[in-house]
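A quick write-up on the structure given underneath.
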Amino acid sequence: MNRYAICVAAVLLIPLAASAESYRMMVNHGVGWTPIGDYATLNECELEARTYAAKNSAQAGCAPLSALQQYEAERQSALQFQSAARACAARSQVQIVVKPGERLTTYGTERQRFEFDKCMAGKGQNLE
């Protein structure tokens, strides 16, 4: 057997971690959370977070990278929805109350609400 075959066999026999999730360490020095670094395992991240917090008198913690990415995507979507809603409200002359979860209430005439809905649809925002 050659060395290449032994290496391939060794790689195939090594069990994969239960989760291939990466973790991001976040710190807060009293002005909001800031990402510091990415780690392959939760244990490694938590150890670094405890060390950082002790050395720098700051809050530190770890979060799954996928959860942070999902949060950021949802936040961007909500910002786009609010921006479109404000622009369409100004254009159609309705008053709006924006609610959490990309929902809103409109106040105006039937024609104004129709124009608002049409504008939002044109901006790719679903009101259903």
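What is the residue count in the range 68-77 for residues that are aliphatic (A, V, I, L, M) and either exposed (fewer than 12 other Cβ atoms within 10 Å of the Cβ) or closer than 14 Å to residue 42 by Cα (or both)?
1
Of everything in the range 49-67, what is surrounded by 14 or more Cβ atoms within 10 Å (Cβ to Cβ) and within 19 Å of residue 20 (Cβ to Cβ)? Give them in sequence order.
Residues satisfying the conditions are 62, 63, 64, 65.
Could you please give the count of residues in the range 62-81 that are in contact with an Asp or Glu (Cβ under 8 Å, 6 or more places away or on another chain) and not polar (S, T, N, Q)?
Summing the residues that are in contact with an Asp or Glu (Cβ under 8 Å, 6 or more places away or on another chain) and not polar (S, T, N, Q) in the range 62-81 gives 5.
Here's the yes/no breakdown for (1) at pLDDT below 95; (2) more than 19 Å from the chain's Cα centre (by Cα); (3) at positive phi:
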{"residue": "26", "(1), (2), (3)": "no, no, no"}
{"residue": "32", "(1), (2), (3)": "yes, no, yes"}
{"residue": "36", "(1), (2), (3)": "yes, no, no"}
{"residue": "60", "(1), (2), (3)": "no, no, no"}
{"residue": "72", "(1), (2), (3)": "yes, no, no"}
{"residue": "98", "(1), (2), (3)": "yes, yes, no"}
{"residue": "128", "(1), (2), (3)": "yes, yes, no"}
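The values are calculated or read from the model by the stated rules, or taken from the named source; none is laboratory data. It should be emphasised that the depicted structure is a prediction, and the values quoted were computed from it without experimental measurement. Glycine also receives a Cβ, built like all others from the backbone with ideal geometry; neighbour counts cover every protein chain displayed.
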